[in-house]
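J.: I'd like to ask some things about the structure below.
The values are calculated or read from the model by the stated rules, or taken from the named source; none is laboratory data. Everything numeric here is computed off the predicted structure, so don't read it as measured data. Counting neighbours? That spans all protein chains shown, and the Cβs are built from the backbone with ideal geometry, glycine included.
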Amino acid sequence: MTDSSHRLYAVVIAVVVFFVSWAAVAAKPWATAKPDPRLAALAQREQRLRADAKLVQQVVDQRLAAYQVALKTRKAQIATAQARSLQVAQSTAAPAVRVVNLPPLTITRTS
Amino acid sequence: MMMRRTFRAMGTEVEVLLDAPVGERAERALDRAESEFERFEQIMSRFRDDSELSRLNRDGRIEGASPDLVRVVKLALEAREHTDGRFDPTVHDAVVAAGYDRTFADVPAESPGPPPSPALCGGAVHIDWSTIELGQGTRLDLGGIGKGYAVDRVAELLALAGPCLVNAGGDLAVRGGAWPVGVTDEITLELTRGGIATSGRDRRHWRVADTEMHHLIDPSTGRPADGDLVSVTVVADSAANAEVLAKAAFLGAVVDVPHVLVTADGRTVLAGGLA
């Protein structure tokens, strides 16, 4: 190999070493990455919403349970009332009348 | 203690009897009964221009009708079906044509004429929730059945205060207790539940062009009904049903409930299990 070849190799290696060093320095591996404040805010918001949703779900579950209990009670009341009114209706369906020999309290006449 | 209150409503004398301790509660119940009659009259009177019924008859259609009007019209249409048209709420124009076009107190006992023409009955009536629509040229008269319905509803209200009887010019209902009701001079019926109504041509009659008129229209002819009956009194499970059956029986229907017929020759016939 000639001296000129050695020089060329040396220059190429120097250039490569320079660019690698430059890239390494430009990457600032010593600096810690700062988090994006917007991402942090979004993450916070997400956490808050998840917590709120959990609370709301708890309230909904409680209210649904209370409603279901009230509904069951009301249905039972309605069934009882319907049974009672059916009994009354059956007992009062037919008119009860007889001819009597009493002074009338009122009269019926052509309306 | 028997409390009695009388007042005028729905074109007739209303009598309310309540068997309850004298006091504020009973008085309130009687006040409520009176105001209920006023309310029903405001809904169903054909003589009040601003009543719901008058608006329906004028416009042929009413939206947002009160539940009571819807209920009575439904009852009337069911009655028309069950009585094969003998009871018909669409006799309005026939009643008016016969001369009963104002409150009965203002109808002249005799007017010269011309003789009234018959009017068609049996018109179409459609109900869709709270909307009522009348067929072309159809108008409703809910006089009798409306009064029966009002009597039944008021009796139900009063029953909360005690045994009661509500009598609106012959349409009466009782709730609780036993109530002797005079039907004729000789016959008294004791009613413990249900209602009584009397239909006839012995009252509410007048003459037009020397022709005797009365308010009981035969829907098949559109004229006041002919026949040898003067009045029919019917006992039924409610005053409204009694009113329907009395009218049907007056027009010749056979009814299977207790009833009393008074004929033109003065006979009184007890039927339907009465003895």
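J.: Pairs needed: first member in the range B:96-115, at positive phi; second member anywhere, in a strand (DSSP E or B) and of a type in the set (A, V, I, L, M, F, W, C); C-beta distance under 7 Å; at least 6 residues apart or different chains.
T.: Between residues of the range B:96-115 that are at positive phi and residues that are in a strand (DSSP E or B) and of a type in the set (A, V, I, L, M, F, W, C), the close pairs are B:99/B:206; B:99/B:208; B:99/B:213; B:113/B:208.
J.: While we're on this one: Give the range B:42-54 a look and list any residue that's in contact (Cβ under 8 Å) with a residue 24 or more places away in the chain and surrounded by 19 or more Cβ atoms within 10 Å (Cβ to Cβ), or say none.
T.: The answer is B:43, B:44, B:45, B:46, B:53.
J.: Now a separate question. Taking residue B:194 as the residue in question, decide whether it is at the interface with another protein chain (Cβ under 9 Å from one of its Cβ atoms) and either acidic (Asp, Glu) or on the phi > 0 side of the Ramachandran plot (or both).
T.: For residue B:194, the condition - at the interface with another protein chain (Cβ under 9 Å from one of its Cβ atoms) and either acidic (Asp, Glu) or on the phi > 0 side of the Ramachandran plot (or both) - is met.
J.: Sticking with this structure for a sec: Yes or no: the range B:135-142 includes at least one residue that is in contact with a Ser or Thr (Cβ under 7 Å, 6 or more places away or on another chain), under 25 Å from residue B:1 (Cα atoms) and of a type in the set (S, T, N, Q).
T.: No: the range B:135-142 contains no residue that is in contact with a Ser or Thr (Cβ under 7 Å, 6 or more places away or on another chain), under 25 Å from residue B:1 (Cα atoms) and of a type in the set (S, T, N, Q).
Table: residues versus (1) modelled with pLDDT under 90; (2) closer than 20 Å to residue B:243 by Cα.
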residue	(1), (2)
B:73	no, yes
B:100	yes, yes
B:117	yes, no
B:135	no, no
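J.: From B:47, B:7, which residue is away from chain A (no Cβ under 14 Å), aromatic (Phe, Trp, Tyr), outside any helix (DSSP H, G or I) and more than 16 Å from the chain's Cα centre (by Cα)?
T.: Exactly one of B:47, B:7 is away from chain A (no Cβ under 14 Å), aromatic (Phe, Trp, Tyr), outside any helix (DSSP H, G or I) and more than 16 Å from the chain's Cα centre (by Cα), namely B:7.
J.: Of all residues in the range B:38-68, how many are under 20 Å from residue B:133 (Cβ atoms) and either aromatic (Phe, Trp, Tyr) or in contact with a strand residue (DSSP E or B) (Cβ under 8 Å, 6 or more places away or on another chain) (or both)?
T.: Summing the residues that are under 20 Å from residue B:133 (Cβ atoms) and either aromatic (Phe, Trp, Tyr) or in contact with a strand residue (DSSP E or B) (Cβ under 8 Å, 6 or more places away or on another chain) (or both) in the range B:38-68 gives 10.
J.: How many residues are under 30 Å from residue B:231 (Cβ atoms) and at pLDDT 90 or above when one looks only at the range A:58-101?
T.: The qualifying residues number 5.
J.: Could you grab me the full set of residues in the range B:218-242 that are assigned to a strand (DSSP E or B), within 14 Å of chain A (Cβ to nearest Cβ) and buried (at least 20 other Cβ atoms within 10 Å of the Cβ)?
T.: Answer for the range B:218-242, where residues must be assigned to a strand (DSSP E or B), within 14 Å of chain A (Cβ to nearest Cβ) and buried (at least 20 other Cβ atoms within 10 Å of the Cβ): B:224, B:229, B:231, B:232, B:233, B:234, B:235, B:236.
J.: Let me ask something additional. Which of the residues spanning the range B:243-259 are of a type in the set (A, V, I, L, M) and either at the interface with chain A (Cβ under 9 Å from one of its Cβ atoms) or under 29 Å from residue B:115 (Cβ atoms) (or both)?
T.: Initially, the range B:243-259 is screened for residues of a type in the set (A, V, I, L, M), giving B:244-246, B:248-249, B:251, B:253-255, B:257.
Selection gives B:246, B:248, B:249, B:251, B:253, B:257.
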